[in-house]
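The values are calculated or read from the model by the stated rules, or taken from the named source; none is laboratory data. This structure is a prediction, so every number in the text was calculated from the model and none was measured. Note: ideal-geometry Cβ built from the backbone for every residue, glycine included; neighbour counts use all protein chains shown. Protein only, heavy atoms only, side chains kept; ligands, DNA and RNA dropped before computing areas. Shrake-Rupley method; radii C 1.70, N 1.55, O 1.52, S 1.80 Å.
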Amino acid sequence: MRDQTTAPRETRVQQASHAPVFSPAAVVASCVGFVLIGALQALYGPAIPALREEFGLSPSAAGLGLSAHFVGGVAGVLLFDRLYGRMSNRRLLGGSYLLMAVGAAGFALAQNWPTALAMALLAGLGFGGIDYGLNQLFAVGFGHRSTAMLNILNAHFGVGAILGPALIGAVGAEHHPAVFLGFALLNLPLLLCLRGVRDEAPQPAGAGPASVARPLGRSLGSVLAVFVALYVLHVGIEAGVGGWEPTHLETVGYGAGVAATATSVYWLMMTVGRFLVAPVALRFSAQAIITVSCAGMTVCLLLATVPALAPYAYAGVGLFIAPIFPTGLPWLHRAAPQARRAGAVVIAASMAGGVAAGPALGKAIEWSGIRAVPLLLCGVSVLCLAATVWLIRATRTR
């Protein structure tokens, strides 16, 4: 017979595990937060001409602003993961919003380039905390709706990534400090909505104390390694298309204006794809969605080798690649509930993949030529599909 003194405590634990992690207002605020981090990441590129003029920078030196942001982002992911469960979710998210606000404001007001780089690093630290923190909480906080909610959340990142450069284009790159400062101030009202975030750190289903404490076995280590590979490779494709699509389209005969517009459509389709997959995720498994995504991405990249189809095929790549990042996280938590840091590892790896994709793809293009861009990316997409099939078999066995 169960000890009656423990019964109320067990009841409270069960009630806490089923309590909503986010209030409706906190869900809306989280989506706004992802609009802000998407916009912040996308602001550095359009601001480069003004930064070069203001600080007398070379192109490579001006590009260090985004690099500092990404370095801070990786550090923010790892720091948030280290503190996750030790501090309340409200404090962690609130601290991340404040770091991003202070960093963005400091970047806007910096009087010299080293200070600006330090502020970009600080903003990236908050960016990484928000990115990982909200992805982690959405992945475990909505039950069977987590995949759908994660796609909606990450779709708002794309909204911000579209709005940020558009705003810089509207006001002029020379006014970029005002834009950075405005986005910094928009972080502050979100702090008021953190009261709607549950302070307890929820665990994914199946992650009881015994399973968390169990050391990682070889099988689990292999699963995590392949998940990391899937994330690094698909983010490499995402960055590769975004970076090289304009050059490839111009090489096969399209004008610069058409190439730029087609690239904007690619990013737009990534955002649309995440909104579209949200209702689909309520009916189909994450495994099925990612398999279709990788297969469709592979076919579209193969079609992009045909010049007449290339702009439309790249738009298709954006549509199919869109669900992979947010849909894979709930699958990862179910497949490896005892690996508490798995989410941090794959998100940090995805950021690193985005940084490494440029030099790696650039070197491959030096050997094969610009026209081979879609074929090179198609080969990477085939690897993504193979990794997905392997994970389906491995996680089904476990």
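Across segment 49-58, computed HN-Hα scalar couplings (Karplus, 6.51 cos²θ - 1.76 cosθ + 1.60, θ = phi - 60°) run x, 5, 5, 4, 5, 5, 10, x, 9, 7 Hz from first to last residue, x flagging Gly and Pro.
Determine the distance separating the Cα centre of segment 168-183 from the Cα centre of segment 66-132; give it in Å without decimals. Each part's Cα centre sits 20 Å from the other's.
Note on F275: accessible area approximately 90 square angstrom, rounded to 10, probe 1.4 Å, nucleic acids and ligands left out. Accessible surface comparison of V159, V241, V345, probe 1.4 Å, protein chains only, largest first: the order is V345, V159, V241.
Once you have a ≥ b ≥ c as the square roots of the Cα gyration tensor eigenvalues for segment 271-352, tell me rounded if a/c is under 1.5, and otherwise prolate or oblate according to whether a/b is larger than b/c. Prolate. Relative protection proxy for 364-372, 62-70, from highest mean packing down: 62-70, 364-372 (other beta-carbon atoms within 10 angstrom).
Relative contact order of the chain: 23 percent, from C-alpha pairs under 8 Å at least 6 residues apart in sequence.
Comparing Cα centroids, segment 21-44 and segment 243-290 end up 21 angstrom apart.
Highest average first, the peptides 307-314, 109-116 ordered by how many other beta carbon atoms sit within 10 Å of their residues are 307-314, 109-116.
Shape of segment 246-311 from its Cα gyration tensor (a ≥ b ≥ c, root eigenvalues): rounded if a/c is under 1.5, otherwise prolate when a/b > b/c, or oblate?
Taking the square roots of the gyration eigenvalues as a ≥ b ≥ c, segment 246-311 is oblate.
Heavy-atom accessible area for E54, with the other protein chains in place and a 1.4 Å probe, reaches approximately 100 Å². With protein chains left intact and a 1.4 Å probe, residues in the chain average 44 Å² of accessible area per residue. Per-residue Karplus couplings for segment 362-375, computed as 6.51 cos²θ - 1.76 cosθ + 1.60 with θ equal to phi - 60°, are listed in order as x, 5, 5, 5, 4, 7, 10, x, 5, 5, 8, 3, x, 5 Hz, Gly and Pro entered as x. The heavy atoms of M297 offer some 0 square angstrom of accessible surface to a 1.4 angstrom probe.
Rounded to the nearest whole Hz, the Karplus-based 3J(HN,Hα) values (6.51 cos²θ - 1.76 cosθ + 1.60, θ = phi - 60°) of segment 152-165 follow the sequence 5, 4, 6, 5, 5, 4, x, 4, x, 5, 7, 6, x, x, with x at glycine and proline.
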